[in-house]
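Visitor: Below is a structure I'd like to ask you about.
The values are calculated or read from the model by the stated rules, or taken from the named source; none is laboratory data. This is a predicted model, so every value here is computed, not measured. Positions of Cβ are backbone-derived with ideal geometry, glycine not excepted, and every protein chain shown enters the neighbour counts. With ligands, DNA and RNA removed, areas are computed over all heavy atoms of the protein, side chains included. Shrake-Rupley method; radii C 1.70, N 1.55, O 1.52, S 1.80 Å.
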Amino acid sequence: MTNFDSELHTLRAQTARKKQLHAMLDSLRTRRSDLETRERELEAVRAAEQKDVDRLEGRSLTALFYTVLGSKDAQLDKEQQEAHAAAAKHDSVVRELEAVRQDIARYERELDTLRDCEQQYEQALAAKRESLKKKGDAQAERILQLEQEIASQQAQEREIGEAIEAGLSARGTADSILSSLHSAGSWGTFDLLGGGLVADLAKHSHLDSAQDQ
């Protein structure tokens, strides 16, 4: 491959990458908008659930009511579990939103480096077309067409490879999450049978691990 052909190949790959980045950014920006809405909703739910806990732990009429009924501890435990669940859901969305924002920023920086690649590619393509014509090659246009088709297929092959790699990684993460949830479920069953503090801590440890993943 000559230096000229190598430059053309690089510019062609950059042009394909730029199109891919635009598609990815469109999808990520839509996801960001959805997550921002969801995060605000879950933040409100989290605050409301925590308010219920604070009310029972304080000297409110609600706390007095359940104290008189003799069920304050049970009600407080219920409210704390609901508050923990609401916090976990909110934290999960916050982490995902931050990850999406980081992806957008990274892809935007990469896109900025490819700003003029289409124009450069068209110029290089025109130069090669002219070079082939000067050499008297009657099939110049057909050669360029075939080269573009080959490059397009190569770009698709790379994208499929990236998708497969991402899918395998996601499957591995999903398997790990399921394993943590299964362990949490086992400890939860033990807790119901009287496992006590150790079982409760182990259960929440596995749940937190699943949440982080």
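Visitor: Take I160 and decide whether it is closer than 20 Å to K18 by Cβ and modelled with pLDDT of 85 or more.
Guide: Judged against the criteria, I160 is a match.
Visitor: Do we find that R106 is at pLDDT 85 or above and more than 21 Å from H9 (Cα to Cα) in this structure?
Guide: In short, yes.
Visitor: Search segment 22-32 for residues being open to solvent by less than 60 Å² (accessible area, probe 1.4 Å) and closer than 19 Å to R95 by Cα, and hand back the single one that is farthest from the chain's Cα centre (by Cα).
Guide: L25
Visitor: Only one of these conditions is not met by D175: (1) open to solvent by less than 80 Å² (accessible area, probe 1.4 Å); (2) at pLDDT 80 or above. Which number is it?
Guide: Every listed condition holds for D175 apart from (1).
Visitor: Tally time: how many residues in segment 128-172 are of a type in the set (S, T, Y) and open to solvent by 60 Å² or more (accessible area, probe 1.4 Å)?
Guide: The total comes to 1.
Visitor: Keeping to segment 1-36, report how many residues are within 17 Å of A99 (Cβ to Cβ) and either of a type in the set (F, W, Y) or without any contact (Cβ under 8 Å) to a residue 60 or more places away in the chain (or both).
Guide: 4
Visitor: Related question: Any idea which of A99, A16 is at pLDDT 90 or above, within 25 Å of the chain's Cα centre (by Cα) and of a type in the set (A, V, I, L, M, F, W, C)?
Guide: Of the residues listed, the single one that is at pLDDT 90 or above, within 25 Å of the chain's Cα centre (by Cα) and of a type in the set (A, V, I, L, M, F, W, C) is A99.
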